[in-house]
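Okay, so here's the structure we're looking at.
The values are calculated or read from the model by the stated rules, or taken from the named source; none is laboratory data. Treat the numbers as computed from the prediction; the structure is a model and nothing was measured. When we count neighbours, we look across all protein chains shown, and the Cβ atoms used for this are built from the backbone with ideal geometry, even at glycine.
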Amino acid sequence: MNSPAGAHLAEDEIVDALDGTLDAARLVHLTACESCSARVEELRDIGLAAAGADVPEPPPFFWTQFSARVSSAVAAEPVPGRRFAWMHGWMRPAMTAAALAVVAIALMPIMTRNSPPPSDTTSSLTALPATEIADPDGDVFAEIDQDEAWAVVRALAEDLDHDEMDAEGVSAQPGSAEHLTLGLSETERVELAHLLQERLKDPLADSAS
Amino acid sequence: MSADALSLQQRLVRPASAAARRSGSALAMTAEDDATLVEQCLAGNSAAFDALVERHRRQVYHVCYRFVGNHEDASDLAQDAFLRAYRALHTFKGNSAFGTWLYRVAVNVCLNRVSGKQPATEPLERREHQDVKGESPDRTILRQERAATVRAAIARLPKKQRATMILRMYHELPHEEIAAILGSSVGAVKANFFHALANLKKLLQESSR
């Protein structure tokens, strides 16, 4: 921001003058103005005095000890980005598919309102004991805990970081997937697992497209 | 580059640069840039992070020392900065130099951990470990006293002014990079620098009375 040519230098202009980057027109003012020149020189002297204040060198053994301490602290940490890194291989498209499937399932009640139920949704992955299927009076949490299909989704999603998923373009509120799936019927969960199973069979489908 | 840092890099490049090793070229070893070390670290090679620490520990420690004015706190802050950097390493996208990114981490650690109170600076006898060749003992003491006074005054500046002053004056970062590190505008950085110098002048005048 430049001040009018005749005005005294503003704060940022004084810093520009110290840096030697002051606008030529303002340099004319600085040269002619004793007040501004004195101010710049005064701050320049302070800067020079400060510049000479070196950080004292720590004891010679310090650096070795420092590196050892950092190395030790880091050794106790998981590999950075590990939670995300595991998705970089075949799991990543599967995870994307899982996220999309959750969205699809959320829409399923609307989509299937006027459609017949799927003719064949059974699979080795999703087969449930008959006693556990569609018990409207059962505890939904206990039922889901025992549900192999949900276990697949849970295993895939439990280590997801919301910020990382958001950065990948998969936006959802924390807990929304759980909220959605808790509301699914047994048929819908089977369908979700079926979709996931299909995706896991062909994990590179996303990459190829 | 120190001998121990070089030997560490030799260990790091061994799997990838057999030809360079055979030729005994130290130059090829120094070609291991920060981005490569970051990649290796994310791949699970913790020695790569050790190399990054050895490369940048002095700069990070200096930032922290100037923030707090004493060795113990600076050492703790620097260690914390590296630990946080390690945890967030997967977020380093290479848009800036690794050193700049590390400055950002270190400054944030300092800004978050350092209270608004005046930090405890060290007594003079613990501050200096360096001699200047050909300098008389009296002159050395005078120089060290001046430097200690300036460092103590800097450590009393408001936090943002302190950070701006340190990064600009001692690490010679351009205003734009400082603005990125502090999450502010270039104009605000210049204003902070101006006020830092003006306040430093007042503090030095007070301490000389």
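Tabulated results
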read-out	value
Which listed residue, of B:Phe98, B:Phe82, B:Phe49, is under 14 Å from the mean Cα position of the chain (by Cα) and surrounded by 23 or more Cβ atoms within 10 Å (Cβ to Cβ)	B:Phe82
Residue among B:Ala191, B:Ala180 that is over 23 Å from B:Asp73 (Cα atoms) and either under 18 Å from the mean Cα position of the chain (by Cα) or not in a helix (DSSP H, G or I) (or both)	B:Ala180
Matching option when the condition is within 27 Å of B:His90 (Cα to Cα), at the interface with another protein chain (Cβ under 7 Å from one of its Cβ atoms) and at pLDDT 95 or above, among A:Val74, A:Val79, A:Val70	A:Val70
Which listed residue, of B:Leu37, B:Leu42, B:Leu77, is touching a Leu at 6+ places or on another chain (Cβ under 9 Å) and more than 9 Å from chain A (Cβ to nearest Cβ)	B:Leu37
Members of segment A:43-61 that are within 7 Å of chain B (Cβ to nearest Cβ) and free of Cβ contacts under 8 Å to residues at least 24 places away in the same chain	A:Ile46, A:Ala49, A:Ala50, A:Ala51, A:Gly52, A:Ala53, A:Asp54, A:Val55, A:Pro56, A:Glu57, A:Pro58, A:Pro59
Residue in segment A:92-105 that is at pLDDT 90 or above and either touching a Lys or Arg at 6+ places or on another chain (Cβ under 6 Å) or closer than 29 Å to B:Arg151 by Cβ (or both) present	no
Condition check for B:Ala180: touching a Leu at 6+ places or on another chain (Cβ under 6 Å), in contact (Cβ under 8 Å) with a residue 24 or more places away in the chain, surrounded by 19 or more Cβ atoms within 10 Å (Cβ to Cβ) and among the small types (Gly, Ala, Ser)	no
Flag for A:Thr64 being over 23 Å from B:Asn199 (Cβ atoms), surrounded by fewer than 20 Cβ atoms within 10 Å (Cβ to Cβ), more than 9 Å from every other protein chain (Cβ to nearest Cβ) and not basic (Lys, Arg)	no
Condition met for B:Leu197 (assigned to a loop (DSSP other than H, G, I, E, B), in contact with a helix residue (DSSP H, G or I) (Cβ under 9 Å, 6 or more places away or on another chain) and closer than 22 Å to A:Asp12 by Cα)	no
